[in-house]
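Peer 1: Supplied in structure tokens, the structure appears directly below.
The values are calculated or read from the model by the stated rules, or taken from the named source; none is laboratory data. As the structure is a prediction and not an experimental result, all values here were calculated from the model. All Cβ positions, glycine included, derive from the backbone under ideal geometry; neighbour counts span all protein chains shown.
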């Protein structure tokens with residue numbers, strides 16, 4: 001076919017050919033445009049809260065004479081190890097406790113100081129009753145009428161060792177209820193071993209007097225050392241905060257796009273102190289397997305956790321401790337599986353101050369009503 005013939009054919013069908021070519025180009029271009037400009041994820045991240053949390057990994061012994069004074073106010077179970085079935089095993093040679101546990105025990109000791117007068121009064125009333133039963137001239141409180149219910153009413157477990165309190169109750173029950181060796185006589189009361197009961201009640205009285213004496217000595221010693229204990233606990237709290245705390249960052253993440261996205265578990269908390277003065281803290285997404293995927297149009301609240309401060313460089317740790325709650329400004333940077341990076345809003349590097357900003361805005365709106 002000659003060139004002239006081809007030109008004539010093209011001339012006759014030029015419009016159809018052009019439309020055909022445009023159709024092919026449209027079919028190719030439109031999907032590409034949809035992929036790159038329409039069907040894309042559009043991730044927006046916003047920090048809602050930064051919390052500084054003390055780690056429970058920080059435990060200390062009662063290493064000073066002052067801290068040893070609060071030992072009686074610690075749960076006895078804390079001084080023992082436990083087997084896999086949860087049963088108490090060996091006593092721990094050098095037990096260590098969390099700062100919260102020590103602080104709680106200290107508060108109990110201060111409460112005990114306030115209640116010691118009431119406790120002494122209660123114990124003295126028990127002793128007075130014992131004296132009446134031991135007085136042979138007292139015709140109202142007869143040893144032959146003393147029963148286990150009377151000693152249970154004293155709640156000895158609140159003041160002496162549990163095993164010893166249980167022993168006293170068992171012995172009273174044995175003396176007053178075990179009739180196997182007793183000889184019954186018609187018209188006469190069942191004989192009671194009053195000598196054994198006298199000896200037992202005397203022991204109880206002795207124990208209660210010892211408790212009163214020990215309480216008074218302990219409380220007096222506590223009173224003399226309150227300031228020292230308070231100072232030492234305050235120092236331990238500072239050490240815990242500066243070395244054994246971490247940051248929990250709450251981030252509202254929204255995918256406004258028309259395609260899904262999956263975020264990586266790693267993120268970065270950027271804390272700007274001043275120009276060219278900043279700290280970067282590595283973050284890890286919590287519950288990554290369930291939280292990281294974002295379908296189109298979805299929103300979720302993510303929680304990121306930093307490393308414990310003693311695990312980061314000393315220079316960065318110093319800056320974090322210095323500027324937390326003051327002039328620092330924080331933002332979060334995260335990335336998805338396609339290496340797209342998303343940057344959050346910037347908020348104060350402080351705990352609860354960001355909530356204050358939100359409440360202030362709500363108050364302003366309320367005042368405008």
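Peer 1: In the range 275-285, is there at least one residue being modelled with pLDDT under 90, closer than 23 Å to residue 56 by Cα, under 30 Å from the mean Cα position of the chain (by Cα) and not in a loop (DSSP other than H, G, I, E, B)?
Peer 2: Checked the range 275-285: no residue is modelled with pLDDT under 90, closer than 23 Å to residue 56 by Cα, under 30 Å from the mean Cα position of the chain (by Cα) and not in a loop (DSSP other than H, G, I, E, B).
Peer 1: Out of everything in the range 127-153 that is within 16 Å of residue 210 (Cα to Cα) and in contact with a helix residue (DSSP H, G or I) (Cβ under 6 Å, 6 or more places away or on another chain), what residue ends up being surrounded by the most Cβ atoms within 10 Å (Cβ to Cβ)?
Peer 2: Out of the qualifying residues, it is 130.
Peer 1: Out of 264, 290, 270, which single residue is assigned by TED's automatic domain parsing to the domain that holds residue 251, closer than 22 Å to residue 252 by Cβ and not in a strand (DSSP E or B)?
Peer 2: Criteria check complete, one pass: 290.
Peer 1: Determine which member of the set 231, 198, 221 is in the same structural domain as residue 73 (by TED's automatic domain parsing) and under 30 Å from residue 317 (Cα atoms).
Peer 2: 231
Peer 1: Further question on the same structure: Give me a count of the residues in the range 49-72 that are within 16 Å of the chain's Cα centre (by Cα) and either in a loop (DSSP other than H, G, I, E, B) or without any contact (Cβ under 8 Å) to a residue 60 or more places away in the chain (or both).
Peer 2: Here the count works out to 5.
Peer 1: Hey, another quick one. Regarding residue 87, is this residue exposed (fewer than 14 other Cβ atoms within 10 Å of the Cβ), in the same structural domain as residue 229 (by TED's automatic domain parsing), farther than 29 Å from residue 231 by Cβ and at pLDDT below 90?
Peer 2: Yes, satisfied.
Peer 1: Here's a follow-up. I'd like to know if the range 311-332 contains one or more residues that are more than 23 Å from residue 48 (Cβ to Cβ) and part of a loop (DSSP other than H, G, I, E, B).
Peer 2: yes
Peer 1: In addition: Out of (1) in contact with a helix residue (DSSP H, G or I) (Cβ under 6 Å, 6 or more places away or on another chain); (2) in a helix (DSSP H, G or I); (3) over 30 Å from residue 153 (Cα atoms), the odd one out for residue 241 is which?
Peer 2: Residue 241 satisfies every listed condition except (1).
Peer 1: State all residues of the range 148-181 that are more than 16 Å from residue 205 (Cα to Cα) and in contact (Cβ under 8 Å) with a residue 24 or more places away in the chain; if no residue qualifies, say none.
Peer 2: 173, 175, 176, 177
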